[in-house]
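For reference, the structure is listed below as structure tokens.
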Amino acid sequence: MWRLTNPVRHYAWGSRSHLPRLLGVPDDGEPWAELWLGAHPSDPSTLPDGRGLDAAVAADPASLLGAEVAEHFEGLPFLMKLLAAAEPLSLQVHPDSAQAAAGYDAEDAAGVPVSAPARNYRDRSAKPELVLALTRFEGMAGWRTPERSAEILRMLGVPFLDEVAERLSVPSPPAEVLRDVVTYLLRLPQDDVPALVADVTAAAAAADARPHPISSRRRPAEVSRDDVSRESLRVFAQTAQLGKRYPEDAGVLVTLLLNHVVLARGEAMYLDAGVVHAYTSGFGLEVMANSDNVLRAGLTPKHVDVAELLEITSFEPSPAPLWEPAGDPERVEVFAPPVAQFRLSLAEGVYDDLPATGPRILLCLDGTVTVAAGGSTESLAPGGAVFLSAADGPVSVVGDGRVAVCSVPG
């Protein structure tokens, strides 16, 4: 068992309070966006002896990962992040394994350095991810049905959006309709975009944006058509904010077609490959495959590759991708989406029924805990984390804190 020192990324959209407060460090005026816990080569956790976790795993994969995990994966298969968003993240999508491998090899063949800002694929891995809300957490994920989006767009009374609503109403399969409309929006002449975004932003700001929240536990399939107007209020408030921040970005228009998702503390959503999404505010724990592959459509100063994004995006409409845990919420909740790389266990109190095999990262979320495994112990305060190897075997935790454990599904 090794205590981890974990790198922080200071992106402009980050919160100045969530991570410093959790870690018990002073607010230095910088935006603290992400804390990475894992072995991704671009920003690995470090061990007490100064080695990166990635180097340690590469030196002895069979012992640290276990023979089965080492055989099936190149290195530690999962990555954890604490994500603190004060402003919207980019509108983005992640590839599946085949797309990631093909894209990585193509960019390598073209001589694009892995560290280049214009690089799309920084590794050969898919990047499915699950985000668990540690505070109220808002974002967008998955396409609404064309019919519902057309109804919402018409409420704003903007001629351009009426035209988009007509495009959404053609009698074709929904995925084809959405692909055509999103392609149209992202390929609008750039000279036209600022005026269109300004019109939409003004109309959204003028709409009644007072919150009338639908319970976050109601699934979109359970929301009747009478609730569309209430859903639209959230959409309009969000659009007004995005339009002011990104007045020349067609991605603002695309967000009008996405499910608006609000997670209460302890709720989660799962994002598979191909699902377009963007987080807008809140503090959450992300667990994902060990990948940094991101294709962006907008809402960012970073590299945007519309053609590649359209190639890998799924346009099938779907409800907001909320994910329910299994297990006993009084002891251990397990979030286990259908992926081979990770699962998340969340526990509070005194327990010894956490994952007992394979590589694991255990993170203290609040309170204080003492972790025992492999004949050694570590005391953890909020933000403290340890890596447990396959050789460490069962783990027990004692204390008044809450812990999150990322592991490989057994």
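I'd like to know if segment 56-79 contains one or more residues that are over 21 Å from the mean Cα position of the chain (by Cα) and among the polar types (S, T, N, Q).
Yes - at least one qualifying residue is present in segment 56-79.
Tally the residues that are open to solvent by 60 Å² or more (accessible area, probe 1.4 Å), touching a strand residue (DSSP E or B) at 6+ places or on another chain (Cβ under 7 Å), modelled with pLDDT under 95 and within 21 Å of GLU68 (Cβ to Cβ), restricting the search to segment 329-388.
Result for segment 329-388: 0.
Yes/no per residue for (1) open to solvent by 40 Å² or more (accessible area, probe 1.4 Å); (2) modelled with pLDDT of 95 or more; (3) of a type in the set (A, V, I, L, M, F, W, C):
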site	(1), (2), (3)
VAL193	no, yes, yes
LEU196	no, yes, yes
ASP199	yes, yes, no
ASP208	yes, no, no
ARG219	yes, no, no
LEU263	no, yes, yes
GLY282	no, yes, no
LEU285	no, yes, yes
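Is it true that ARG124 is touching a helix residue (DSSP H, G or I) at 6+ places or on another chain (Cβ under 8 Å) and outside any helix (DSSP H, G or I)?
yes
Only residues in segment 124-139 that are within 12 Å of SER281 (Cβ to Cβ) and among the small types (Gly, Ala, Ser) count as the first member; pair them with residues that are open to solvent by 10 Å² or more (accessible area, probe 1.4 Å) and outside any loop (DSSP other than H, G, I, E, B), Cβ under 6 angstrom, at least 6 apart or cross-chain, and list the lot.
Between residues of segment 124-139 that are within 12 Å of SER281 (Cβ to Cβ) and among the small types (Gly, Ala, Ser) and residues that are open to solvent by 10 Å² or more (accessible area, probe 1.4 Å) and outside any loop (DSSP other than H, G, I, E, B), the close pairs are GLY139/THR280.
Does PRO88 satisfy the criteria of being modelled with pLDDT under 95, farther than 15 Å from ARG3 by Cα and touching a Leu at 6+ places or on another chain (Cβ under 6 Å)?
Judged against the criteria, PRO88 is a match.
Among the residues of segment 103-117, what is the count of those that are among the small types (Gly, Ala, Ser) and under 11 Å from GLU308 (Cβ atoms)?
Within segment 103-117, residues that are among the small types (Gly, Ala, Ser) and under 11 Å from GLU308 (Cβ atoms) number 2.
Quick one: ALA320 ticks every box in (1) at pLDDT 95 or above; (2) within 17 Å of the chain's Cα centre (by Cα); (3) within 26 Å of VAL197 (Cα to Cα); (4) of a type in the set (A, V, I, L, M, F, W, C) except a single one, so which number is it?
(1)
Can you tell me which residue in segment 70-96 is surrounded by the fewest Cβ atoms within 10 Å (Cβ to Cβ), limited to those that are of a type in the set (Gly, Ala, Ser) and touching a residue at least 60 places away in the same chain (Cβ under 8 Å)?
ALA86
Taking segment 257-291 as the search range and keeping residues that are of a type outside the set (A, V, I, L, M, F, W, C) and outside any strand (DSSP E or B), which one is nearest to LEU178 (Cα to Cα)?
Among those residues, the one meeting the criterion is GLY274.
Does ALA175 qualify as being small (Gly, Ala, Ser), modelled with pLDDT of 95 or more and assigned to a helix (DSSP H, G or I)?
Considered against the rule, which asks whether it is small (Gly, Ala, Ser), modelled with pLDDT of 95 or more and assigned to a helix (DSSP H, G or I), ALA175 comes out as yes.
From the list ALA67, ALA39, ALA12, exactly one residue is closer than 16 Å to ARG360 by Cα, open to solvent by 60 Å² or more (accessible area, probe 1.4 Å) and of a type in the set (A, V, I, L, M). Which is it?
ALA67
How many residues are within 19 Å of ASN290 (Cα to Cα) and more than 24 Å from the chain's Cα centre (by Cα) when one looks only at segment 103-121?
Residues that pass the stated criteria total 1.
The values are calculated or read from the model by the stated rules, or taken from the named source; none is laboratory data. Everything numeric here is computed off the predicted structure, so don't read it as measured data. Glycine also receives a Cβ, built like all others from the backbone with ideal geometry; neighbour counts cover every protein chain displayed. For the accessible areas, the whole protein counts, side chains as well, though only heavy atoms, and no ligand, DNA or RNA atoms are used. Shrake-Rupley method; radii C 1.70, N 1.55, O 1.52, S 1.80 Å.
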